1. Given labels modelled 7 Å from the Cα in the Cβ direction, how far is it in nm from Arg273 to Glu126?
2. Can you give me the C-alpha center-to-center distance between the range 86-129 and the range 136-154, rounded to a whole angstrom?
3. Sort Asp256, Asp265, Asp234 so that the residue with the fewest other Cβ atoms within 10 Å of its own Cβ comes first and the one with the most comes last.
4. Hey, got the dipole for the chain? About the Cα centre, +1 on K and R Cβ, -1 on D and E Cβ, debye to the nearest 20?
5. What pairs from Lys103/Lys194; Lys45/Lys194; Lys103/Lys262; Lys45/Lys103; Lys75/Lys194; Lys28/Lys214 go past 31 Å between their alpha carbons?
6. Could you derive backbone 3J(HN,Hα) for the range 197-205 from the dihedral phi with the Karplus parameters 6.51, -1.76 and 1.60 (θ = phi - 60°), listing whole Hz in sequence and x where the residue is Gly or Pro?
7. Under a 5 Å amide H to amide H cut-off, with H placed in plane at 1.01 Å, what residues pair with Gly228 once short-range neighbours are removed?
8. Report the charge-dipole magnitude of the range 179-277 in Debye, nearest 20, computed about the Cα centre from +1 at each Lys and Arg Cβ and -1 at each Asp and Glu Cβ.
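Nothing in this text is a laboratory measurement; each read-out follows from the coordinates by a stated rule. No experiment lies behind these values; they were computed from the predicted model shown. All Cβ positions, even for glycine, are placed from backbone atoms using ideal geometry, and neighbour counts span all protein chains on display.
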Amino acid sequence: MNDGGTPEGTGAAPGAASRRPLIAGNWKMNAGGQDACPLAAAVAKATRELTRAEVVVAPPFTAIAAVAHELAEAKSEVGIAAQNMSAELSGAFTGEISSGMLKDAGATWVILGHSERRQLFAETDESVARKVASAVAAELRPIVCVGETLEEREAGDTLAVVERQVRAFLDELAKQPGFGVIAYEPVWAIGTGKVARAEDAQEVHAFIRGLLAKASEDLASVTRILYGGSVKADNAEALLAQDDIDGALVGGASLDAAGFAKIVDAAHRLAERAEQG
Ligand code: PGA
């Protein structure tokens, strides 16, 4: 094996072990104001030793600066994501927030194309792709969400839907392999308590990696693909153990620092085991 974990001479892509797991907590429209800093501090404390996993929290916009200050004071490695962003840089866009503003506030990541944005705020593949392009140009790391609705799954359209969504922003991620992250979040599993079976999630993740490979092998091997949708402490390990699941985007369970840390712990332990071969 060489340093990158690629079997010498085979030309095969490095596997899951070469991708550091990422656990991101999407707080949604919760834990703003007074609750944000204590929650961020508790996450930082509970995950401090779990260094084999990368940890990100996504507070509401108004709490980003305070959380950034809190985490800096604690000398924490926990990263900060925004939950959305404008594709525009500045100007007459009432109510919008630009990449520059997010960076000034202390975010280094941004969640884009979340299904709640697509379903409730009319975001489209095209508008999501514009945001991804804008984020990459601004050096803000995108976590781009894709996933099918229950109707689409029942119609047998899961892979076609995911392919359409991924193709829309693939070229933008290919500009800087490894900089962006994809989150596969079946819409029917978000906030419902219905988690996808690990093997079913793995099938979609492997399919997404195959799409990335069409752009480049490098992009496929370094891009982390997170699973999201009712991830909790008690189901995280089975999901994270799958070859093509490189982490989790956690909604509800990220509002409890101890429960969230258990998910990070599962990722940390699996990575440790993989390292030991
Ligand atoms: P959930 O949300 O974990 O509450 O299902 C996940 C998400 O929306 O990112």
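1. Result for the modelled spin labels: 4.7 nm.
2. Rounded to whole Å, the Cα centres lie 13 Å apart.
3. Details: Asp256 16, Asp265 20, Asp234 13.
By the 10 Å Cβ count, ascending: Asp234, Asp256, Asp265.
4. Working: 26 positive and 39 negative charges, 85 e Å.
Roughly 400 debye for the chain.
5. Values: Lys103/Lys194 35 Å; Lys45/Lys194 29 Å; Lys103/Lys262 29 Å; Lys45/Lys103 24 Å; Lys75/Lys194 36 Å; Lys28/Lys214 33 Å.
Distance filter (> 31 Å) returns Lys103/Lys194; Lys75/Lys194; Lys28/Lys214.
6. 5, 3, 5, 5, 5, 4, 4, 5, 4
7. Correct list: Tyr184, Glu185, Leu249.
8. Details: 9 positive and 15 negative charges, 44 e Å.
That gives a dipole near 220 debye.
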